[in-house]
Amino acid sequence: MLAAMLASLWAHKRRLLMSSLAIVLGVGFVSGTFVLSDTLKSSFYSSFSSTGSGVGAVVRHGGAHGVPAGALDRIRALPQVAAADGTVEGVVTVVRPDGTPVSSGNLPGMLASVPSDQRLRSVPVTRGSPPSGSRQIVVDETTAGDAHIAIGDRLRVVGRDGDHGRIYRVTGFTKAGAYSGAGLGMSPSQAARVLKATGYERVDVAGAGIGQDELKQRLSGALGGAYAVTTGTAEVHKQADDATSATKPITIGLLMFAFVALLVAALVIFNTFQILVAQRATEMALLRCVGATRRQVFGSVVAESAIMGLVASVIGVAAGIGIGTGMLALFHAFQETVPVGVPPFELGTSLLAVGVGLVVTMVAAIIPALRATRIAPIAALRTPDQPRTRRAGPLRVATIAVFGAGGLALAVGGAVYGDVLGMIAVAAGGCVFFVAVLAAGPLYIPPLARLIGAIPARAGVPGRLAVANTVRNPGRTAATAAALTIGITLVTLFSVVGASAKASVDERIADRYPVDYMVRSATSDSIAPGAIADLRARPEIGALAVLRSAYGTVNGAKTEILGMSGTQVTRLTRRLATEGSLAALRPGTTAISADYAARTHLKTGDRLTVRTPRGGTSTPRIVAVYDSDFVSAPVALSTEAFAHGFGAVRAGQGLMNLRPGVTDDQGRRAVDAVLRQYPDVQAPSVAQIREQLSSSVNALLGVVSGLLGLAIIIAVFGIANTLSLSVLERTRESALVRALGLTKRQLRRMLSVEAGVTAVVGAVLGVLLGIGFGRAVVAAIAEMSAVKVFAVSYTQIAIFVVVAGGCGWLASILPARRAARASIVSAITDE
Amino acid sequence: MTAARPAVAARGLTKTYGTGGAEVHALRGVDIAFDPHAFTAIMGPSGSGKSTLMHCLAGLDTVTSGVIHIGDAEVTGLTDRQLTLLRRERVGFIFQAFNLLPTLTAEQNIRLPLSIAGRAADERWFDHVIDAVGLRDRLAHRPSQLSGGQQQRVACARALLSRPDVIFADEPTGNLDSRSSAEVLGFLRTSVREFGQTIVMVTHDPVAASNADRVVFLRDGALVDELRSPSPQAVLDELKKLEG
């Protein structure tokens, strides 16, 4: 039996080639993802362990203010301590003295303390000298290279110690860290000053000739229970684990895409074995005739799939190393600390990937194997028949209908209900409905194929024959198309959600943000008052309203309270208030957001009980309800009432319009001229914000579509596979139509149309399902996200369908060539 | 029954498979001409090369040497595309295994060659052919719903509809019972007598061959004999002589 199985496997190796490729790609994706996460993990470990070697112990304080400077002095005074220094870290804005930015993109700079003792330094100073005193700074090599900074240059750094910052002299360069913006270093005391740190985040300690454990004990003993002390080694591991856990979502996301790819591959395998079993009915029956049991027939098919799965998975793991290398290169482009090059081979994860591929292949072959056991021995004596699909039984139809209806009801219910629970219902119902739709494929695929095939069928005989061939075996065509449907559904779903997100952003910005600029700080939550005053002084600026925010108690609950000038805001836009008028906002009155109003059932005319740290308790009357999309804080007070309640709070956000008649260019120049003095204040125009949001949505969609592209490629292999197996089965028919006068080109066209129609059927189905699911997802998340408007990019979706049809055509090239090459005589006379 | 130009003619036809020691000579210099409007049978023992001869004559297979004409067209030396067009325009086929397309109805199968060629069928001729093969009430059926005899009659109608210069029939009765065989042979004879069709049929059945106007005998790839208007017995005797 084994010998027969192996012989048959070898004889059919070409027929298994395409479906093996599907597994190779799927497993390659899985193992590539593993390779990526292995490499990231090991690179984090090695980078941390190589630099933190001098630190014997780390001290933290349990409170909110970190380790105070006094504690550092006590640590330094211990006899077992060779060196100790505190660390702080935070965002700042860095520019050249003339205001030109230094950090890449719009990212703020990352300021970290650089210990004076090099044993404590986690980032080595590679050139020049470490910073000391209050006027020195070091910059990471990458930023220095990109911004052409030389040792001795001067840089302005704006932190929390002043609106204009201070000028520092560059004394050296450090190794580039993991952060993408500019990496800056100052002496620990100066860094703490710039960042207005009340204490150090932690204190790193080097021991004087004692082990880490002993040092830890001594420190704990000396400092008391309020301090947590860990050894340097434990700290290195903890930090590496933290860093690695940041990459976990990426790994999980990639594995989800790999799962989709494997699912599609499984469908391709399933279809392949269905066809092979049908084609080899005689062979199977002969085995039964000569005494093989059903169990043996079943075993031989599954064993065949196991060998195929094993071989393909091993190749897939090898391919995965290549895919992983590619992904690493991609990551490297975003983050330079990620190593490039061929990653190391990891036995454990490789075995796991092989196991996954093997199991997927074998599971996919189970139903075909069961079908093989149902072939009666007598079939060996009959002439081989065209494999025929049986009509779906009423039980099957009923089951599919019940599941389909149930899934649909669940998804629609979830979409209407909304919220997190609704999302889950949409996802679960959607999956059930999707599976039911795919399972029902043989019922509606033939009419759909005839409909789509009507165009090529009109063009001539090859088209008509192709459509007839597409619908002759509905089960096979349905399974082939389904593989593509999965990928196209997901791509369409993401495209719809993306288009909806973009449309929502556009609508929100166009309709409800009738302002030209937003003013905010890049590094903190407050804007320099000078910047506001200077902007107001410019003739180009029309209205500028500022919003301040702080926390108080409203009706007994801690609530964010906004301070704004009703007249200022009203001058800026009248569309903010959805009820009442913000112009009526003055001491004794208040306004609430639409969301808050909906949540609390409060309305204009009602009173709130507001308690503030300085103003005590008051009961202002609600005079207006404002749009929550525009201003998210639930409760707003007038500027005067806010100042009375909270004291002097800096403006957190500014909304600004140009004076009528001022062009965008003039406005931009005026704004930039003012903000040169306030490096951390930014004033993006609303058009820029929209652009940014749009492009980040696009970038995300691009990545997702690229990852789903693999599933689509696998499905295209599936089409090529089904077509080539069908071509083998129909050699005689092909020869016949050739004998009757079909040219080789017409024969090739016939097969191309067949593949193209199958692909377009799968794609159209996927597009319809994707739009439907997209509609449900948008409805479900409308309540809790910024995506409110449903939109479909029809051009994008038309491209999907056209590309799918084109891929189908590509998939037909090789099988069609082989069919056209076959000799007419041997095909016709071959019994 | 002589005409100025033969419907199909071959001169010095050889066909060799393989090379060196494994060489097989399927045809060794065959010279033959088929009269128009005549029914000719090609006979011979198994392996005599009769099917190879027919495939070469019909342009389905290439020859090693020699020249073949169908009407005024030289078959040998045509490109694959030209050959396809030639078959489309001038040649009809009937095969032993019927070879109908399972996805098409009987009528669609019958009209297929003309559709491929992009030509319209002569509807009166179509009706005539359908009535002659007696398939009027079976036109909407698919091949799987037809008996073997009916399927072969569909194939006959398909070959006749385009009024080709010649129909090649390869063992047309090989898969049929004697009653269906008689029907098909009767129909082929009628189409020669009444419609002036030219038919070349390969068969190993003496009864089938005796329906032809002329029977040529092949042995080991060469023409050895021929009979005019033979009886089944005469064909059988000749075959015995060849095999014996």
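Read-outs throughout are calculated quantities, based only on the coordinates presented, and are distinct from any laboratory measurement. Note that the structure is predicted; figures quoted are calculated from it, not measured. Cβ atoms come from the backbone with ideal geometry, glycine included; neighbour counts cover every protein chain shown.
The lysines within cross-link reach of A:LYS248, meaning a Cα-to-Cα straight distance under 19 Å and a gap of 8 or more places when in the same chain, are A:LYS41, A:LYS238. Counting, for every residue in A:727-740, the Cβ atoms of other protein chains within 10 Å of its Cβ and taking the mean gives 5. Between B:GLU171, B:GLU123, B:GLU89, the Gaussian network model of chain B with springs among Cα atoms under 10 angstrom shows the greatest mean-square fluctuation at B:GLU123. Across chain B the C-alpha pair distances fall into 5 Å bins from zero in the proportions 1, 6, 14, 18, 19, 17, 12, 8, 3, 1, 0, 0 percent.
Translational diffusion coefficient, Stokes-Einstein: compute it for segment A:410-489 using the Kirkwood radius over C-alpha pairs as Rh, at 10 °C and 1.306 mPa s, and state it as an integer in µm² s⁻¹. Reported coefficient: 111 µm²/s.
Modelled label positions at A:GLN692 and A:VAL803, each set 7 Å beyond Cα in the direction of Cβ, lie 2.9 nm from each other. Placing pseudo-labels 7 Å out from each Cα toward the beta carbon at A:HIS65 and A:ALA329 gives an inter-label distance of 5.4 nm.
Between B:ARG11 and A:THR600, the modelled label-to-label distance comes to 11.0 nm, taking each label 7 Å out from Cα in the direction of the beta carbon.
Using 1/(1 + (r/R0)^6) with R0 = 30 angstrom and r between the beta carbons of B:ARG228 and B:TRP125, what's the FRET efficiency to the nearest 0.05? So, using R0 = 30 Å, E works out to roughly 0.50. The peptide list A:441-450, A:802-811, A:462-471, put in order of mean Cβ contacts within 10 Å with the highest first, becomes A:462-471, A:802-811, A:441-450.
Please compute, over every Cα-Cα pair in segment A:511-606, the percentage with a separation greater than 22 angstrom. Counting every Cα pair in segment A:511-606, those more than 22 Å apart make up 39 percent.
Quick one: helix A:419-439 against the long Cα principal axis of chain A, what's the angle to the nearest 10°, folded into 0 to 90? Helix A:419-439 sits at roughly 20 degrees to that axis. The lysines whose alpha-carbon is closer than 26 Å to the alpha-carbon of B:LYS240, local same-chain residues fewer than 8 away aside, are B:LYS15, B:LYS50. Quick check: residue separation of A:ALA226 and A:ASP146 times 0.36 nm, minus the Cα distance between them. What number comes out in nm? Contour length minus the Cα-Cα distance gives 24.4 nm. Annotation: the antiparallel percentage among DSSP beta bridges lying fully within the protein assembly as shown is about 70. For segment B:3-89, the mean projected area of the C-alpha convex hull, equal to one quarter of the hull surface, is 6.3 nm².
Taking the Cα centroid of segment B:123-168 and of segment A:85-147, what is the distance between the two, rounded to the nearest whole Å? Measuring centre to centre over Cα atoms gives 91 Å. Listed by chain and number, the lysines whose alpha-carbon sits under 19 Å from that of A:LYS175, ignoring those within fewer than 8 places in the same chain, form an empty set. Label zone (B:THR190, point 7 Å along Cα-to-C-beta; backbone nitrogen cut-off 12 Å) within segment B:111-139: B:128-136. When DSSP beta bridges are restricted to pairs lying wholly in segment B:162-232, around 60% turn out antiparallel.
Shape analysis of the protein assembly as shown yields a ratio of the Cα radius of gyration to the Kirkwood radius, Rg/Rh, of 1.15. Comparing B:ALA38, B:ALA26, B:ALA140 in a Gaussian network model of chain B (Cα springs below 10 Å), the most mobile by mean-square fluctuation is B:ALA140. Can you tell me the orientation of helix A:686-729 relative to chain A, as the angle in degrees between its alpha-carbon axis and the longest Cα principal axis, to the nearest 10? The angle comes out at about 20 degrees. Only Cα pairs under 8 Å and 6+ residues apart enter the sum, and on that basis the relative contact order of chain B stands at 27 percent. Per-residue shielding of B:110-116, expressed as the average number of other chain Cβ atoms within 10 Å of the residue Cβ, stands at 5. Averaging the Cα positions of each part gives two centres, and for segment A:8-33 and segment A:669-701 these lie 49 Å apart. Between helix A:394-417 and chain A there is an angle of about 10 degrees, using the helix long axis and the longest principal axis of the Cα atoms.
With Cα atoms defining each centre, segment B:169-244 and segment A:426-444 are spaced 60 Å apart in the structure. Of all DSSP bridge pairs formed entirely within chain B, close to 55 percent run antiparallel.
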